[in-house]
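Q: Starting off with a structure, shown below.
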Amino acid sequence: MNSSVKNIFELSHDIIPFKEEYKFEAKTKYVDEFLPYYKGLREDSAWYIMTEISMWSHVGTHIESPYHYIKDGADVAEIPLGNLVGECTLLDFSHLKANEGLKLDEFIKKADPIQENDIVFLRFGLSKTYRTDLSRTRPYLETEVVEWLVAKKIKCLGVDISGIEKRGIPDQPNHRLLFRNNIPLIEHLANLDQITQSRFFVVAVPIRMHGVDACPVSVIALV
């Protein structure tokens, strides 16, 4: 590890079976219950198990690929690795209230640290509402902010809220803008309040699953 790395932060929520907003079920059985040809190879007292997992693609802290809104867009397995690893800029907008939009003029006041080819994380201070009835009560991004980020040629956007769209607007214009430009989106980030500097290194690599629009992801910050 680079000697300049002083702290490592996990920026993803734990996923707890049967307690998430979206389906996440985990059923544990002895291996020979799943695979009958193991019968006789496991002693009765042996803890030798496997877990059957059933979940939706958007459970927990998850990354969304262009395939989420574009029929022939890249799926999770096709997101370039370069979009998922690299320098990250963190901006704080935790003063915004529920249903309040982040406007371009306000965004630009804090946007100087953003460089081309950055991963960009936006903190709204609402990861504390995750797994509660308030998780959908959040600010949103004005489309002009997303247009600015696309023009800046960022490579991934992440937020600590459940979404980036204004309520009641059809067709998810912010998502479509990102995905048409092959910029993946991470929703429900956690622990951004633990990071006190605006730039750090991020690794956010999902399982390379084909034919899947989104996937839970472990997001690691090296500060």
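The values are calculated or read from the model by the stated rules, or taken from the named source; none is laboratory data. All of these numbers come straight from a predicted model, not from anything done at the bench. Glycine also receives a Cβ, built like all others from the backbone with ideal geometry; neighbour counts cover every protein chain displayed. We work out accessible area using only protein heavy atoms, side chains counted, and drop any ligands, DNA or RNA first. Shrake-Rupley method; radii C 1.70, N 1.55, O 1.52, S 1.80 Å.
Q: How far apart, in nm, are two points set 7 Å out from the Cα along the Cα-to-Cβ line at K103 and at K19?
A: Placing both labels 7 Å beyond Cα along the Cβ direction yields 4.1 nm.
Q: Normalising by the residue count of segment 125-223, find the relative contact order in percent from Cα pairs under 8 Å and 6+ residues apart. Before the final figure, lay out the partial values.
A: Working: 111 pairs, mean separation 25.2, N = 99.
Taking the mean separation of contacting Cα pairs over the length of segment 125-223, I get 25 percent.
Q: Can you work out the PRE-style zone for N7? Point 7 Å along Cα to Cβ, and I want the residues of segment 179-205 with backbone N under 20 Å.
A: Flagged as within label range: 189-204.
Q: Once you place label points 7 Å from the Cα toward the Cβ at T196 and Y38, how far apart are they in nm?
A: Going by the 7 Å Cα→Cβ label model, 4.8 nm.
Q: Let me ask you something else. Give me the mean projected area, in nm² to one decimal, of the convex hull enclosing the Cα positions of the chain.
A: 15.1 nm²
Q: Another question, if that's okay. Of K19/K103; K71/K109; K27/K97; K97/K155; K19/K155; K19/K153, which sit over 29 Å apart, Cα to Cα?
A: Table pairs above 29 Å Cα-Cα are K19/K103; K71/K109; K27/K97; K19/K155; K19/K153.
Q: How many percent of DSSP beta bridges within the chain run antiparallel, rounded to 5?
A: Once the DSSP bridges in the chain are tallied, antiparallel ones form about 65 percent.
Q: In the neighborhood of L90, defined by Cβ-to-Cβ distances under 12 Å, what is the net charge if each Lys or Arg adds +1 and each Asp or Glu adds -1? Mind showing how you got there, number by number?
A: Values: positive: K110, R123, R199; negative: E87, D92, D118, D160, D193.
In short, -2.
Q: Just to confirm my numbers, what's the Cα centroid distance between segment 98-150 and segment 7-25 in Å?
A: 21 Å
Q: A further question on this structure: Given the options D32, D72, D171, which has the most mean-square fluctuation in a GNM of the chain, springs set between C-alpha atoms less than 10 angstrom apart?
A: Greatest mean-square fluctuation among the candidates belongs to D32.
Q: Still on this structure, please answer the following. I220 to V205: extension gain in nm, 0.36 nm per residue of separation minus the Cα-Cα distance? Working shown, then result.
A: Working: separation 15, 0.36 × 15 = 5.40 nm, distance 0.92 nm.
Contour length minus Cα-Cα distance gives 4.5 nm.
Q: How much accessible surface does H95 have with a 1.4 Å probe, in Å² rounded to 10?
A: Its accessible surface works out to 100 Å², give or take rounding.
Q: What figure in square angstrom, to the nearest 10, would you give for the accessible area of V5 with a 1.4 Å probe?
A: Spelled out: V5, probe radius 1.4 Å, area about 30 Å².
Q: Then there is this: Rolling a 1.4 angstrom probe over the protein chains, ignoring ligands and nucleic acids, what is the accessible area of M50 in square angstrom, nearest 10?
A: The value for M50 is about 80 Å².
Q: Determine the dipole magnitude for segment 79-223: charges of +1 sit on the beta-carbon of Lys and Arg, -1 on that of Asp and Glu, nothing else is charged, the reference point is the Cα centre, and the result goes in debye to the nearest 20.
A: Here segment 79-223 has a charge dipole of around 200 debye.
Q: What ³J(HN,Hα) values, in whole Hz, does the Karplus curve 6.51 cos²θ - 1.76 cosθ + 1.60 give for segment 217-223 when θ = phi - 60°, with x put for Gly and Pro?
A: Once rounded to whole Hz, the list reads 9, 8, 9, 10, 9, 9, 10.
Q: Using heavy-atom solvent-accessible surface (probe 1.4 Å) with all chains present, what is the largest-first order of Y37, Y130, Y48?
A: Working: Y37 165, Y130 30, Y48 95 Å².
Largest accessible area first, the residues go Y37, Y48, Y130.
Q: Amide H to amide H, which residues 5 or more places from E64 or on other chains are under 5 Å from it, using H placed in the peptide plane?
A: So E64 has HN proximity to L185, I186, E187.
Q: What are the residues whose amide H is under 5 Å from the amide H of S12, where those residues sit 5 or more places off or on another chain and H is modelled from the backbone?
A: Residues meeting the criterion, in which the H sits 1.01 Å from N, are A190, V219.
Q: Using θ = phi - 60° and the Karplus curve 6.51 cos²θ - 1.76 cosθ + 1.60, what whole-Hz ³J(HN,Hα) does each residue of segment 176-190 get, with Gly and Pro shown as x?
A: 5, 4, 4, 6, 5, 9, 6, 9, x, 10, 10, 10, 6, 4, 10
Q: Could you give the length gained by full extension between H95 and I169, i.e. 0.36 nm per residue of separation minus their alpha carbon distance, to one decimal place?
A: That pair, H95 and I169, stretches by 24.3 nm at full extension.
Q: Using a 1.4 angstrom probe on the protein heavy atoms only, could you order S57, S198, S65 from most to least accessible area?
A: In descending accessible area the options line up as S198, S57, S65.
Q: Can you pull the percent of segment 74-223's accessible area that's carbon plus sulfur, 1.4 Å probe, other chains left in place? Don't skip to the answer; put the middle values down first.
A: Values: 3300 of 6590 Å².
Looking at segment 74-223 in its full context, I get 50 percent from C and S.
Q: Considering only protein heavy atoms, what per residue accessible area in square angstrom results for the chain with a 1.4 angstrom probe?
A: On the way: 11780 Å² over 223 residues.
That works out to 53 Å² per residue.
Q: Would you list Y30, Y140 from the most to the least accessible area, probe 1.4 Å?
A: Sorted by accessible area, descending: Y30, Y140.
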